[in-house]
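Below is one structure; the comments refer to it alone.
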Amino acid sequence: MSWINKIFGTKKVEKIPTRKIDYIQITKDWNADPVSPEIELKVDGIDLIMDIYLNHFQFDKYQEGDKVKIRFKNCAEYSLNTCNHEGFYYGQYRIKPTELEWGEFYEIKSGLDRKLPNPIKKIQNDNSDRKHFIFFFKDETFECLASDYYLDFYNEKVLKYCKTYKVVLGDKEIGTSKLEKADAPMGVAFGLIEFNGIKTPYEFFKEYCLKNNIVINTDDPEFEFIDTQVISELKVFRPDGLEIKGVAGNAITGMKDEGYEISIFGISYPFYEEEFPHHVEHYENMFKKE
């Protein structure tokens, strides 16, 4: 065949470079329930909120009923499609099994088409300057384009038994909190504040601290993040009017995108166990898992 090459010459065939997906794996010390995550999606303004059960079989720090609320900030569009793990491994998705491992939550940096598969739900028309997220579940695959994400871990049983407490600063009732989170051994209870008529909590707390010589540990105007030391006039009251006191006082921490929490430090026992039996039980159950 050398005479053919002499007449027509030879042409090198260039190899098409293999696409490589650049990603960040988000699920490292947690993941969705591998059998029944019970995905719930809710649009909140321009944000998308996903609520799922956690994998308490693989990760010892979680127990039955533990969930995570994932808030996708400034979400442009999303897709929850029916591609399951079998379809994925049979090559029915636009991602090969060698490119991404199934059953994880990723932020895709590059190397993957940002055109989401059907069905697509649009929240905003402009999807530029958004990050690309993928979460592989047992029976479904989720993708979305959003500015960022935030995680809020909680237990549905604990939340069910939480009371609603009044939060007061000085002589003003500024909102309520369920004190849905805790560090039971340390006698700490904390939770997000639902504000009453306060449009910018960051400016409200910062102004109060500066005016009353309260030390601010961290102040970041860009993200409207604030973390204060103890505020003596910040108080929490039970529905019957009893004040929930901690020997170390109360403080505020949080940011605009994730909300602001009030923390009560050093609530004495046995009152802590009487007021927050759900938090104590949840903590003790962590050590009952085999």
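The values are calculated or read from the model by the stated rules, or taken from the named source; none is laboratory data. A quick note: this is a predicted structure, and the numbers were derived from the prediction, not measured. Quick reminder, even Gly has a Cβ in these numbers, built from the backbone with ideal geometry, and neighbours come from all protein chains shown. Only protein heavy atoms, including side chains, enter the accessible area calculation; ligands, DNA and RNA are left aside. Shrake-Rupley method; radii C 1.70, N 1.55, O 1.52, S 1.80 Å.
Taking segment 71-115 on its own, how many of its residues are modelled with pLDDT of 95 or more and aliphatic (A, V, I, L, M)?
Selection size over segment 71-115: 3.
Would you point out the residue of segment 77-103, among those that are among the hydroxyl-bearing types (S, T, Y) and in contact with a Phe, Trp or Tyr (Cβ under 8 Å, 6 or more places away or on another chain), that is most open to solvent (accessible area, probe 1.4 Å)?
Residue satisfying both the conditions and the ranking: Y89.
Please go through segment 104-124 and pick out each residue that is touching a residue at least 12 places away in the same chain (Cβ under 8 Å), open to solvent by 60 Å² or more (accessible area, probe 1.4 Å) and assigned to a loop (DSSP other than H, G, I, E, B).
D113, R114, N118, P119 - these are the residues of segment 104-124 that are touching a residue at least 12 places away in the same chain (Cβ under 8 Å), open to solvent by 60 Å² or more (accessible area, probe 1.4 Å) and assigned to a loop (DSSP other than H, G, I, E, B).
Which condition number in (1) out of contact with any strand residue (DSSP E or B) (no Cβ under 9 Å at 6 or more places or on another chain); (2) under 25 Å from R130 (Cα atoms) is the one that Y93 fails?
Answer for Y93: the failing condition is (1).
Which of the residues belonging to segment 27-45 are among the hydrophobic types (A, V, I, L, M, F, W, C) and open to solvent by 20 Å² or more (accessible area, probe 1.4 Å)?
Scanning segment 27-45 gives V35, I39, L41, V43.
Within segment 189-212, track down each residue that is closer than 20 Å to F265 by Cβ and open to solvent by 20 Å² or more (accessible area, probe 1.4 Å).
Passing the criteria: F190, L192, Y208, N212.
Within segment 143-184, can you find the residues that are open to solvent by 70 Å² or more (accessible area, probe 1.4 Å) and either of a type in the set (V, I, T) or over 22 Å from the mean Cα position of the chain (by Cα) (or both)?
Scanning segment 143-184 gives K163, K166, D171, K172, E173.
Among E261, E274, which is open to solvent by 70 Å² or more (accessible area, probe 1.4 Å) and of a type in the set (D, E)?
Details: E261 fails: open to solvent by 70 Å² or more (accessible area, probe 1.4 Å).
It is E274.
Among the numbered criteria (1) closer than 30 Å to D148 by Cα; (2) open to solvent by less than 40 Å² (accessible area, probe 1.4 Å), which single criterion is violated by L234?
(1)
Against the condition within 20 Å of N127 (Cβ to Cβ), open to solvent by less than 30 Å² (accessible area, probe 1.4 Å) and not acidic (D, E), how does I70 come out, does it pass?
Spelling it out, I70 is indeed within 20 Å of N127 (Cβ to Cβ), open to solvent by less than 30 Å² (accessible area, probe 1.4 Å) and not acidic (D, E).
How about segment 129-142: which of its residues are within 19 Å of the chain's Cα centre (by Cα) and open to solvent by 10 Å² or more (accessible area, probe 1.4 Å)? Steps first, answer last, please.
Step one: of segment 129-142, the residues within 19 Å of the chain's Cα centre (by Cα) are 130-137, 141-142.
R130, K131 - these are the residues of segment 129-142 that are within 19 Å of the chain's Cα centre (by Cα) and open to solvent by 10 Å² or more (accessible area, probe 1.4 Å).
For H279, all conditions in the list (1) touching a strand residue (DSSP E or B) at 6+ places or on another chain (Cβ under 8 Å); (2) open to solvent by 20 Å² or more (accessible area, probe 1.4 Å); (3) assigned to a helix (DSSP H, G or I); (4) not small (G, A, S) hold save one; what is the number of the exception?
If we test H279 against (1) touching a strand residue (DSSP E or B) at 6+ places or on another chain (Cβ under 8 Å); (2) open to solvent by 20 Å² or more (accessible area, probe 1.4 Å); (3) assigned to a helix (DSSP H, G or I); (4) not small (G, A, S), just (2) comes out false.
Within segment 227-241, take every residue that is in contact with a helix residue (DSSP H, G or I) (Cβ under 9 Å, 6 or more places away or on another chain) and in a loop (DSSP other than H, G, I, E, B) and give me the one that is farthest from E275 (Cα to Cα).
So, considering only residues that are in contact with a helix residue (DSSP H, G or I) (Cβ under 9 Å, 6 or more places away or on another chain) and in a loop (DSSP other than H, G, I, E, B), the one farthest from E275 (Cα to Cα) is Q229.
With respect to G246, determine if the residue is in contact with a Gly (Cβ under 7 Å, 6 or more places away or on another chain), of a type in the set (G, A, S) and either crowded, with 19+ Cβ neighbours inside 10 Å or part of a loop (DSSP other than H, G, I, E, B) (or both).
It is true that G246 is in contact with a Gly (Cβ under 7 Å, 6 or more places away or on another chain), of a type in the set (G, A, S) and either crowded, with 19+ Cβ neighbours inside 10 Å or part of a loop (DSSP other than H, G, I, E, B) (or both).
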